[in-house]
Structure formats: structure tokens, C-alpha cells
Amino acid sequence: MRRPLLQQPLEFLLILIIVIGLSPAADASEDAARADITAPAVCFASGTPAEVVEQAYERFASSYESHSLASLMLPNYVLNSRWTSTATDGGGLGQGDPTTITWSVVPDGTSISSGVGEPPAGSSLRSFLDSIYGDEATWLPVFQQVFDRWGELMGVTYVYEPNDDGSALPGAGGIVGVRGDVRLSGHPIDGNYGILAYNYYPNWGDMVIDVPDSFYTNISSNSLRLRNVVAHEHGHGLGLGHSCPLNQTKLMEPYLTTAFDGPQHDDILATNRAYGDRFEHDDTPATSAELGAVSSTTVDTLSIDDNADTDVFGLIAGDGAVLDVTVTPIGTTYLAGPQNGDGSCSAGTPFDSLRIHDLALRVLDVDGTTEIASADLGGLGDPEDLTGVDLASGAGEYYVEITGDATNSAQLLELSLSVSASLELFSDGFESGNLSAWSDSSL
Ligand SMILES: [Ca+2]
Ligand SMILES: [Ca+2]
Ligand SMILES: [Ca+2]
Ligand SMILES: [Ca+2]
Ligand SMILES: [Zn+2]
């Protein structure tokens, strides 16, 4: 059932230091693998005292023992626990596969079992949101914005499922026209602040918001509090665990912050690893991402997501066009580390997300196979560029191909290109360097 992602030492390192702590002994445990689904990740308001967090973790740990789970505190297999089956796509999904996820909001009264030790109680999310926003037409777009933003950053396409049959939560499973893959719900968890929400891992993905926590009544900055909670919780719903240290730079830190809006670099890198970039699968000219008749453009938030990914972009050029193109790895060195067993955050160690793949660049002719130009002089962390590439086959679709190296990890990158008319604009002889030709023509 689980993919053998951890066989590559670099992959292990990447998961270990980017996203979440791995329990060294846990990766062989089926019980621990099941923890992905049945043990939700819990998230706290900023400023929650450490002893409250520790008590909560102790409480969850005892409640999870009844499920024979190996560990609550280490939501392992961060990138293994991506969606393998959705209502729209069916099964067979794996690392780097683009995925369609539907989402719905459960009707009030939908049964929600105890996820983190709170009493089971029906959902009251809709009435709670109505009390803050007035009506569904006002609050639903807040959630839509969150999913739209995630969808801009990696290979998941989000579709709102207007139906939800109220099946007991969690884990009913998405069915098109019946209920979403990801179902949003809420009931009382621990009163104001402290725990804000919790979320189940794929393939469940369901969210339980603490209702009626007064944290959510502040809807300033376009409901940034609610949006960052939902974006963070759904990060778990995509398969991400918590990311440390606590320095308000990563959406998946265990404490909510409004220091930024939505997913940040580390979160984007992790989800590109899991779901590819938003143009997947664009591995061949036949399946290329179409840029159309561009003159100049930069396409950001791209990625090479493993050791086999190739990204191909098609561009339409006119007669006698010349292409300039640059691919630039995107990253930086930052502290990254696991969440500790008591819920506190580790200090982390430096991780360099700029130097993961040594990128290479090629331009292919209108036949999609003949190489016109290539660049691979730069090493790790370096851009590759080609200037003045003559698109000599005339008007048609040409292809820019980006590849990485044998590293089975994700590298974020961006592509810039411009297409201009050839310098050979005229045929009157004035462009010739031959003086006699010029002299002859002037006579
Ligand atoms: Ca709370
Ligand atoms: Ca890609
Ligand atoms: Ca690709
Ligand atoms: Ca290179
Ligand atoms: Zn969380």
C-alpha cells in the first residue's frame, strides 16, 4: 500500500528536515501507517501555553491507544499520505500525480465522532458561520478562496461539491454528487482559543473546526484568521504534518499565525513533491503546457518533483522568430525540523531548498523531437539560459523542455522566456557586412 519513498537517502532527508519529524522505527509499521488517517492533526492558537499543549497531547495519546496507533505526536509519512484515490480520479494515484479533490460543507447536525478527546456532537459549523457572516453566500467564498489559492500553487484541482448527504464524519469517502472528498464541519472542542481545529489525513481529509471558538469572530483582513486555519488544516488534509521551528514563516507550523496569508515556501515545496506542479502531467510535447503565442512571460511556482519529471512548455512563434529562455531554481536556506513528541517545536537545522536539482534546458523544433538548442552549464542552484535561439522552421509550435537530475526530491523553479522577431528584418543588402556589396548597391 505504501510507496517505498524512503529508500532514497535524500528523500528521507528531505522529509525529515522539511516537513515533519519521522519516528525512526515507525516507517515499517502498518499501525503507524494507519495513523495517517485515523489520528487527526491538531492545531493551536498562537500564544497557547506550553502546558496546555502538553496536556492536550497527553490526552490525545491516551485516546489514541484505543485505536492501537503507534504515535499521535508524529504524524508520519507526510508525503506518503497524499491522496491515493478521490471521487473524481478513482484510485491508483501516487507521488507527483495531479489530483482532483472535491470539497463540501456538511449540513448542521451531521454526526462527528471524537477526534481529539472532545465529546462527540453534531456539526454546528453552518449556524456558527451564519452568526458571524450573515449567510452562506458570504462565508462560502472564504473557503473557496483558500482552496483556489492552494490550487494555484501545485497539482491539485479543487471542485466545490454542493451536495453533502450528512453521512457521519470522518471518513465517509467522497462521491461525486453526494459528498466531497474533503468535508468541512465543526463542533465544540475546547472553548475559546487553545485548539482551533483538527484535520484528518488522506484519504479522509475531513476538517473539524472548534465551534463556537471566539477566535473566528475577528474577520479582519478578509477573514485572514479563518482562511489561514482552513489553509493549514487542509495542509494536513493534503498529507502534510507540522513543520518547525516556530518562526512564523511556514503555514504548517503547529501554531496559527496571521503574519502571512496562505501557503509559504516550505508548504509549497512539500505539496509540489506530493502532487506535482499545476501543469502536470506535462512531460512530453504532446502533453505540454500551452503558453500560446507569447511575446514575453514568466511562469512561476513550477517544480521538478522527482527523479523522472520533465516539464515541457509549448509556444507558438511566427516566421523568423528568435527565442530567449531562462529557467531559474527557486529556494533559500532556512531552518527546518520536526515537531517534538510533547507538541513543542524543535529548533531545526539549515535546509537548502535552492540546491536540490541540477536543472537543464532544451528547445525542441516544431516536430517535437529535434533539438535546436540546449543548456546545462550551470550546477546546483544555478539558472540555465539560452539567448537568440533561431526558430528557423518558421511559424509553428516550438517546445521548451526543463529537466532535473537523478535526485528523487522536489525543486521549485520558474521559467522566463521572450519571443522576438529576427534581427534579419530586411533583405535590401544593408545588413550585409560586405562593403563592396553595400557600395555596389549604392551606385
Ligand atoms: Ca478552541
Ligand atoms: Ca513538474
Ligand atoms: Ca512534468
Ligand atoms: Ca545544469
Ligand atoms: Zn496543524
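A few remarks follow.
- Each residue of segment 118-123 is assigned a 3J(HN,Hα), and the resulting list reads 6, x, x, 6, x, 5 Hz, derived from the Karplus form 6.51 cos²θ - 1.76 cosθ + 1.60 (θ = phi - 60°), x at Gly and Pro.
- Computed from Cα atoms alone, the Kirkwood hydrodynamic radius reported for segment 285-421 is 16.0 Å.
- Two-site FRET efficiency, GLU371 against ALA50, from Cβ-Cβ distance with R₀ of 35 Å, rounded to 0.05: 0.05
- Counting only DSSP beta bridges whose two residues both lie in segment 285-421, roughly 95 percent are antiparallel.
- Sorting the segments 389-396, 291-298 by their mean number of nearby beta carbons within 10 angstrom, highest to lowest, gives 389-396, 291-298.
Quick note: the coordinates plus some simple rules give every number you see, no bench work behind them. Given the structure is predicted, the values throughout are model-derived calculations rather than measurements. Every residue, glycine among them, receives a Cβ derived from its backbone with ideal geometry; neighbour counts consider all protein chains shown.
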